[in-house]
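Some notes on the structure that comes next.
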Amino acid sequence: MSIQHRLNRSQTRALAKLKDASEEEFQEIAGIAQTPKPAGDVYKSASDLNISNLSGREIEEIATKAVREKSRIEQNQPRKDLPLTLEVKILVMARLGIPVNRIAMRLKVNRKTVLKYCGNTSLLRILRESLSTGCSVFETAQANACPESLVRSIALEGKSDQERFESLGWGLRTWDHWYFNDIDRRFGDDWPGRIPAQLVGHALYYFTREGDLVLDPMAGGGVVPDTCLAFQRKCWSFDIVDRLETRPEIEHFQWNPKDLQWPVKGKEKPDLIFLDPPYFKKMADQYVKESISGLSRKEYLSFFLKFFSLTRENSKASARIAFLNADWRDFQGLSAMEENPARSICIDDYIGLLKRAGWEITHIIDAPLSTQRFQPRMVSRMQKNRTLGVVRRSLIMGRK
């Protein structure tokens, strides 16, 4: 095409980038008739264009738009969880750094079986070959009955964190306001309180290194382990709901408020604890009966004081904690003027508990809920009761 259209070096490089970004857009350009560009025309798609009249920068813009559109479609493609084979379960758990003994116990197999599959070179080779031929993560996962999170981790291995952000179609934000319009449905399952994977990715980027161990004590739908797989971090996840067949990497564990115990034994300790717990009374009816969201205000705050102390005792000397939570007020049923401060739990309360447990607060990152997450009935109720329509949600970062 470069010879045929007499393109210069800059145009040729940009054209190669477009081919990598979107074969469909590239083919459209390849079949374009030689018609001059109308004066002042704004390009909307490749089919409107004459490649001979485009600069390298303009071709790159088409490629960038194609990447963004592909990413937008992928982000709205829900993760599909199917029952996994034993070897796939072992491979996922091994890539997240779960020790052999715990994998064997979780899957009720012997150590030899785990060691046989944890470095499953044949399956890895098949997945890498599929990706190298141009198959997408989704296609490769479907063809080999693997979770997309596993295939994506293979597709992104060997890249820098910046390159991973670019591949995922996420913009890297540098300041302390991490607002994302919606969740990325490629990460985690449909779950109450599901969070944007972009938020987890930013926490990993700024506060961990590749190969670090992340502890996710209340994993829920599994956004954190999915994101850790993509960014080549190890992750130990625990949740009260056990889904062995589809989510073997999320180990079953219940935090007992009356007798808090660390879920694992051994010398290895986490570099980061990422805690996204059920918020007080918020969506309590959607969680299991044993959830901490059903506790009284006093019991709820007492739980976190004990929990923060326990995490400090059982993490590395250099460890950080990332605590994601929101203000809870009476605004859900009363007007702002009638709120009872004695019933509220605010970000400041959690900060006080972290400090009492020995954590030093280093960052408070604004992470507001998207307006798209509010249902019409909630907005109507806010307007009727003259309440505040914005919930302050923050990611509190602490260190020892």
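The values are calculated or read from the model by the stated rules, or taken from the named source; none is laboratory data. Quantities reported herein were computed from a predicted structural model and do not represent experimental measurements. All Cβ positions, glycine included, derive from the backbone under ideal geometry; neighbour counts span all protein chains shown.
Go through region 338-365 and count every residue that is of a type in the set (Asp, Glu) and out of contact with any Lys or Arg (no Cβ under 7 Å at 6 or more places or on another chain).
Initial filter on region 338-365 (of a type in the set (Asp, Glu)): 338-339, 348-349, 360.
Still in the list and also out of contact with any Lys or Arg (no Cβ under 7 Å at 6 or more places or on another chain): 338, 348-349.
Total satisfying the criteria: 3.
Of the helices (runs of 4 or more DSSP H) lying entirely inside region 155-266, those containing at least 3 residues that are surrounded by fewer than 18 Cβ atoms within 10 Å (Cβ to Cβ) span 161-168.
Contact annotation: no residue pair with Cβ atoms under 6 Å, 6 or more positions apart or on different chains, pairs a residue in region 1-27 that is under 15 Å from residue 56 (Cβ atoms) with a partner that is among the acidic types (Asp, Glu) and not in a helix (DSSP H, G or I). For region 82-136, filtered to residues that are among the hydrophobic types (A, V, I, L, M, F, W, C) and not in a helix (DSSP H, G or I), the residue that is surrounded by the fewest Cβ atoms within 10 Å (Cβ to Cβ) is 82.
Cβ separations smaller than 6 Å between residues 6+ apart or across chains give the following pairs from region 265-290 residues that are assigned by TED's automatic domain parsing to the domain that holds residue 327 to residues that are among the basic types (Lys, Arg) and at pLDDT 70 or above: 269/316; 271/316; 272/320. State whether one or more residues within region 305-315 are surrounded by fewer than 21 Cβ atoms within 10 Å (Cβ to Cβ) and farther than 22 Å from residue 395 by Cβ. The answer is yes; a qualifying residue exists.
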